[in-house]
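K.L.:
Quick one: the structure is below, and I'll ask about it shortly.
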Amino acid sequence: MVTKNAHQLGTWPTAKSLAWCGQVFVALTLVWIALNGFEGLYAGVPAAFAAAALGTLYARGQPYPWHPLRWLVFAGFFLLESVKGGTDVAWRALHPALKIEPEFQPYDIELPPGLPTTLLTSLVSLLPGTLSVRLFEHEHVLNVHALTPSAIDSVRRLERMLGWVFGAPRPNP
Amino acid sequence: MSVEEGIALLFLLAGCAFYLAGTIGLLRFPDVFCRLHALTKADNVGLGLVCVGLALLSGQARVASMLLLIWLVGLLAATVSAHLIARHAYERDAPPEHEGPS
């Protein structure tokens, strides 16, 4: 751990670390504005910068180019899918026949590891009929618990969407 | 009761209905994995609808943005905890020779 941090400290700042730091800084500043409005920015901006710099030094991730319009489309997609997911599971829970055929299904992830795979693993549990259980094979296979056999299609849709948002190569349909 | 309050009330009632459905799913579904489906998804929509209702009642953009953040943090907590519980249950129940999905 010490060696890794020392290596990161020694190579900082690189273009990637500066890009990551900038993205975290902007995100944290937006959170501050959402919580406090534009008042107190004299304290919020230095705090956001300090948090971004410390995060870059000790827990830097892979920066991806930002596509705000794509994120907006993704937010709409996610909102729709999560409402569908909630409605679907509520209907199944209330149905007298309890219409579920639960099973585990392995899913081959084609997204790059890191933030895209983390988001996929996290958001799968909010989609209609799917629950992420465990990542295998160095984050290349996700074990999904599906309430119905066809529910796995929603994971494929989410992966295609995330690939588009992050500018990664699109998975095969 | 104004029109805004009436619409907000509808959102709040719909949110409570989703929470109720999630709790019924928790009681009716057969195992821990199916129960997690009910808790994460139905409660996520329920919390979202309650936040929309409260935002309409407040009528302030700043309160609405804080409620949006609350919903997002709630989503994060729900999905991460569901994944951790599901992984723990899977590792507890799976025999060692079936450690992989295939």
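The values are calculated or read from the model by the stated rules, or taken from the named source; none is laboratory data. The shown structure was predicted, so the numbers you read here are calculated from the model rather than taken from an experiment. Cβ placement follows ideal geometry from the backbone for every residue including glycine, while neighbour counts extend to all protein chains displayed. To get the accessible areas, we keep the full protein, side chains included, count just its heavy atoms, and leave off ligands, DNA and RNA. Shrake-Rupley method; radii C 1.70, N 1.55, O 1.52, S 1.80 Å.
K.L.:
Given a 1.4 angstrom probe, I'd like the percentage of the accessible area of the protein assembly as shown that is carbon and sulfur, rounded to a whole number.
P.N.:
Roughly 70 percent, rounded to a whole number.
K.L.:
Here's something else I'd like to know. Rounded, prolate or oblate, given the Cα gyration tensor of the stretch A:68-166, with a/c below 1.5 counting as rounded? Don't skip to the answer; put the middle values down first.
P.N.:
Numbers: a/c = 2.86, a/b = 1.32, b/c = 2.16.
Oblate, since a/c reaches 1.5 and b/c is not below a/b.
K.L.:
For A:I109, list long-range residues whose amide hydrogen, built 1.01 Å from N in the peptide plane, is under 5 Å from its own amide hydrogen.
P.N.:
A:V141, A:L142
K.L.:
How large is ³J(HN,Hα) for each residue in the stretch B:76-88, as worked out from phi by the Karplus curve 6.51 cos²θ - 1.76 cosθ + 1.60 (θ = phi - 60°), to whole Hz, x for Gly and Pro?
P.N.:
These are the phi-based 3J(HN,Hα) values: 4, 4, 5, 6, 5, 5, 4, 4, 5, 5, 4, 5, 5 Hz.
K.L.:
Moving on. Before I look further, what does the stretch A:68-166 give for accessible area per residue, probe 1.4 Å, in whole square angstrom?
P.N.:
Accessible surface, normalised per residue, equals 43 Å².
K.L.:
Taking θ as phi - 60°, what are the ³J(HN,Hα) couplings along the stretch B:6-18 by the Karplus curve (6.51, -1.76, 1.60), each to the nearest whole Hz, with x for Gly and Pro?
P.N.:
Those phi angles translate into x, 5, 4, 4, 4, 4, 5, 5, 4, x, 5, 5, 5 Hz.
K.L.:
Grab the DSSP H runs of the protein assembly as shown that are 4 residues or longer, score each as -39,500 (n - 2.57), total them, divide by all residues and round the 222 nm result to the nearest 500 deg cm²/dmol.
P.N.:
Values: 10 runs with 182 residues, N = 275.
Mean residue ellipticity, 222 nm, calculated: -22500 deg cm²/dmol.
K.L.:
Shape verdict for chain A, please, from the Cα gyration tensor: rounded (a/c under 1.5), prolate (a/b greater than b/c) or oblate. Spell out each step's value before the answer.
P.N.:
Details: a/c = 2.47, a/b = 1.67, b/c = 1.47.
Judged from the Cα gyration tensor, chain A comes out prolate (a/c at least 1.5, a/b above b/c).
K.L.:
Moving to a separate point now. Say the dipole of the protein assembly as shown comes from +1 at the beta carbon of Lys and Arg and -1 at that of Asp and Glu; which of B:M66, A:L126, B:G25 then lies farthest toward its positive end?
P.N.:
B:M66
K.L.:
Probe radius 1.4 Å, ligands and nucleic acids left out: can you give me the accessible area buried at the B-A interface, summed over both chains, in Å² to the nearest hundred?
P.N.:
Details: alone 7230 and 10640 Å², together 14790 Å².
Roughly 3100 Å².
K.L.:
Charges only on Cβ, +1 for Lys and Arg, -1 for Asp and Glu: so what's the dipole of the protein assembly as shown about the Cα centre, in debye to the nearest 20? Please report the intermediate quantities before stating the final value.
P.N.:
Details: 18 positive and 19 negative charges, 88 e Å.
Dipole about the Cα centre, nearest 20: 420 debye.
K.L.:
Report, by chain and number, residues whose modeled amide H sits under 5 Å from the one on A:R134, excluding near sequence neighbours (fewer than 5 apart, same chain).
P.N.:
Amide H neighbours of A:R134, under 5 Å, 5+ apart: A:N143.
K.L.:
Now for a separate question. Hey, what angle do you get for helix B:43-58 against the long axis of chain B, alpha-carbon based, 0 to 90 degrees rounded to 10?
P.N.:
20 degrees
K.L.:
Specify the inter-centroid distance of the stretch B:1-23 and the stretch A:55-133, based on alpha-carbon positions, in whole Å.
P.N.:
Distance between centres, Cα-based: 25 Å.
K.L.:
I've got another one for you. Taking Cα pairs under 8 Å and at least six residues apart, what relative contact order does the stretch B:3-93 come out at, in percent?
P.N.:
Numbers: 86 pairs, mean separation 29.0, N = 91.
Computed value for the stretch B:3-93: 32 percent relative contact order.
K.L.:
Once phi is turned into θ = phi - 60°, what whole-Hz ³J(HN,Hα) does the Karplus curve with 6.51, -1.76 and 1.60 give for every residue of the stretch B:19-29, x standing for Gly and Pro?
P.N.:
With the stated coefficients, the stretch B:19-29 comes to 4, 5, 4, x, 5, 5, x, 4, 7, 8, 5 Hz.
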